[in-house]
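Heads up, the thing below is written out as structure tokens.
The values are calculated or read from the model by the stated rules, or taken from the named source; none is laboratory data. Note that the structure is a prediction, hence the values are computed from the model and not measured. Neighbour counts are summed over all protein chains in view; Cβ atoms, including those assigned to glycine, are modelled from backbone coordinates with ideal geometry. All accessible areas refer to the heavy atoms of the entire protein, side chains included, with ligands and DNA or RNA removed. Shrake-Rupley method; radii C 1.70, N 1.55, O 1.52, S 1.80 Å.
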Amino acid sequence: MDMKTINICKGTKRLKKMGCAAFVAFSLSQSLISLTSCSDFLEIEPQNEITLEKFWTEKADVDGILAGCYSGLQDEGIIKRMMIWGEFRSENVGIGQNINNDNNLEKILKENIDAKNSYTTWDGFYGIINRCNTVLKYAPEVAKSVTSYTDSELRANIAEATALRALCYFYLIRTFRDVPYSTYAFTDDDQVMDLPATKFDDVLDSLIVSLEEVKGMAVKRYPVTSPLYQTGRITQDAIHAMLCEMYLWKKDYDSCIRYADLVIASKKEIAENNRSLLQGTSSVSSTSNTETRFNGFPLVSDMSSSNIFGNAYTSLFGYDTNYYLYDQEIIFQLIFDDDPYGSNMKANGAVNTFYGNARSTIGLVAPSDFLLDDISKTSQRNIFADRNKKLDARMYENVNTNNKSVHKFTTRRIEIKGGTSTPEPDYYSLYSENQNGSNWVIYRLTDIMLLKAEALSQKLREGSDQEIVEYNRPILDQAFSIVNAVNKRSVCQTVLTDTLQRADYATKSQMETLVYQERQRELMFEGKRWFDLVRISRREGNTLTLSSAAMRKVTTGGALIANRLTKMDAIYWPYNYEELKVNKNLKQNPAFSSGENESYAKNY
């Protein structure tokens, strides 16, 4: 971290200079501490005389910094990096309109990344990390002196700060591989800040250990009076979801499966509660529908009425005020509002810019030509299953097939008329410019289900002798049941006739491919695809799968992209040039040059 990064979120120095708004942020539907208490606090003495010791004196101080952590994650620059780092180098994303307004983004979409690209900066993430470390340092001291700050509240705050810190580091290591790592709060200029990079595996192990330590301390469910908190703040389910994915990256498949099962069991319990509360509404799946169509998994039905589909999209990504429904599937998300001026909440500016809005229906990025071609095909598709013909609702929920733009996150709702060989989507109004209210989903149930299916696929054995066939059969059955449940939810048929068939997936490689394809079509444009490809490359020890996917999104220049991605180093990102200038202990990713002359070091 450079000095600039540290100073953004430092404790003593910055608290002396920062105004109230810098560390009291509105998060979710209300602020976690009131502006009144902040004003009273500032009135005690001049702003420039506030010291660290006088700040950490009450629980509201802890709540304020925690609120700032969530607010930091909602920052447009953070969301943009979650989108770019996790998705935009993949074959899902192509160039949209007015890309000349963002030269750095255009270079990324052309796989022409250099160390001076502004999207290689990471200070926003380190700012949140240091806030979390500050909470972890001072919250226990506050609890000692404030009797009303209960032990359960302290433990829950520690779990929140630990999980948010782990989430930020997890984004960083999946993007850059080795990164500076510290669990100490930087509150003094005398502290050493130019840390060398810590190895990916060491950071990952440390994150897992820290989450294992706090998982039982987190809030299981927030009060019903705070419905947005259920998915907008860290819960036990959120920590279990993070551990599920981290163990998959660690190749500890049994642990991945164990935590996936905990999340699934929790969501089943929530679904049962929803069913009793909302019995008779079209949005809540009946018990028989859950068992037959969703193979027992508690998914929200995509069918709102006979032959009308798109309900799952509206519940999970659109303008649905029925908190019970997205709570049934969403595990953790960042909350936004389409009336930022009236609600004091943020709008989702990143989605507004990148994916489109009412003024610019196609954003800076668009579905790649490869993806659009795959949707238009009637057979031999690479992403969407041939067996489902044109009946997969996600073709229309992910992409506006009328104007070839990204649909997911950009509109409030969609209705898809089924009952024919080609469903007819009805796209409702795009969010107004600078008023995108779509929440940014970090974890949801189908993501965790498919992570479990991937872990199961890695437990399969290669070979065709009888012993291996018998060993593989129950694992294949279980993995297929998960994938098929996700897939069947999106088939635009009241009575299913065209779905995946278990007999088509009888080997390890066939099941692996199925899982990867289902993750791609289910989680498209959610900042997942490139990270999935990186995980595959780490597992396979080469870049063949990743590079072949990346080169698909261009009609010309595919060979150049393949050459650039020959070495494993190149699947990660370069450290920003300015970071290297300040932190002499940071050594550039060998796949990239210094950033002064060329984007990539020759690796072929």
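Distance between Cα centroids, the stretch 133-209 to the stretch 544-594: provide it in whole Å.
So the two Cα centres are separated by 29 Å.
Under the definition of Cα pairs under 8 Å and six or more residues apart, what whole-number percent is the relative contact order of the chain?
Result for the chain is 18 percent.
How big is the stretch 336-449 in terms of Cα radius of gyration and Dmax, in angstroms?
Cα-based Rg and Dmax for the stretch 336-449 come out at 15.4, 49 Å.
If you count only protein heavy atoms with a 1.4 Å probe, what accessible area per residue comes out for the stretch 331-425, rounded to a whole Å²?
36
Label points 7 Å out from Cα along the Cβ direction at VAL469 and TYR319: separation in nm?
5.7
Amide H neighbours of SER304 under 5 Å, at least 5 residues apart or on other chains, H built in the peptide plane: list them.
Under 5 Å from the amide H of SER304: PHE309, GLY310, ASN311.
Modelling each spin label as a point 7 Å along the Cα-to-Cβ direction, I'd like the SER548/GLU269 distance in nm, to one decimal.
Inter-label distance under the simple model: 4.4 nm.
Which residues' amide hydrogens lie under 5 Å from the amide hydrogen of ILE442, considering only partners 5 or more residues apart or on another chain, with H built in the peptide plane?
When sequence neighbours closer than 5 places are left aside, the close amide H contacts are PHE332, GLN333, LEU334.
What is the helix-to-structure angle for 123-145, meaning the angle in degrees between its Cα long axis and the longest Cα principal axis of the chain, kept from 0 to 90 and rounded to the nearest 10?
Tilt of helix 123-145: around 60 degrees.
Any chance you could check the Cα centroid distance between the stretch 330-401 and the stretch 71-131 for me, in angstrom?
Here the two parts' Cα centres lie 17 Å apart.
When you count, for each residue, the other Cβ atoms within 10 Å and take the mean per peptide, how do 348-357, 577-586, 310-319 rank with the highest first?
Highest-to-lowest ranking by the protection proxy: 348-357, 310-319, 577-586.
Which one of CYS132, ILE173, THR150 has its Cα pushed farthest toward the positive end of the charge dipole of the stretch 131-200, where Lys and Arg give +1 and Asp and Glu give -1 at the Cβ?
ILE173
Which order do the peptides 408-418, 332-342 take when ranked by the mean count of other beta-carbon atoms within 10 Å per residue, highest first?
Highest-to-lowest ranking by the protection proxy: 408-418, 332-342.
With a 1.4 Å probe and every protein chain left in place, work out the accessible area per residue of the stretch 177-237 in Å², rounded to a whole number.
Accessible area per residue: 45 Å².
Of LYS404/LYS528; LYS389/LYS488; LYS250/LYS584; LYS267/LYS390; LYS220/LYS251, which ones are farther than 23 Å apart at the Cα?
Check vs 23 Å cut-off fails for LYS250/LYS584; LYS267/LYS390; LYS220/LYS251.
Taking only protein heavy atoms and a 1.4 Å probe, what accessible area per residue, in Å², does the stretch 464-604 have with all protein chains in place?
Result: 41 Å² of accessible area for each residue.
Hey, what angle do you get for helix 59-73 against the long axis of the chain, alpha-carbon based, 0 to 90 degrees rounded to 10?
Approximately 40 degrees, to the nearest ten.
Residues with amide H under 5 Å of ALA358's amide H, sequence separation 5 or more or different chain, H placed in the peptide plane at 1.01 Å from N; which?
TYR431, SER432, GLU433
Could you work out what % of the accessible surface of the chain is carbon and sulfur, using a 1.4 angstrom probe and leaving DNA, RNA and ligands out of the count?
So the carbon and sulfur contribution to the accessible surface is 48 percent.
Where the centre of each part is set by its Cα atoms, how far does the stretch 402-421 sit from the stretch 467-510, in angstrom?
After rounding, the separation between the Cα centres reads 26 Å.
What ³J(HN,Hα) values, in whole Hz, does the Karplus curve 6.51 cos²θ - 1.76 cosθ + 1.60 give for the stretch 371-379 when θ = phi - 60°, with x put for Gly and Pro?
Working through the residues one at a time gives 5, 4, 5, 5, 5, 6, 5, 9, 7 Hz.
More than 30 angstrom separation, counting every C-alpha pair in the chain; what % is that?
It works out to 53 percent of all Cα pairs.
Hey, what angle do you get for helix 253-277 against the long axis of the chain, alpha-carbon based, 0 to 90 degrees rounded to 10?
In the chain, helix 253-277 runs at an angle near 90 degrees to the longest axis.
Based on the mean of other Cβ atoms within 10 Å per residue, sort peptides 552-561, 524-533, 423-432 so the most packed one is first.
In descending order of packing, they fall as 524-533, 423-432, 552-561.
Calculate the FRET efficiency for THR420 and SER379 from the Cβ-Cβ distance with a Förster distance of 25 Å, rounded to the nearest 0.05.
E(calc), rounded to 0.05, equals 0.85.
About its Cα centre, what dipole magnitude does the chain give when the only charges are +1 on Lys and Arg Cβ and -1 on Asp and Glu Cβ, stated in debye to the nearest 20?
Value, rounded to 20: 980 debye.
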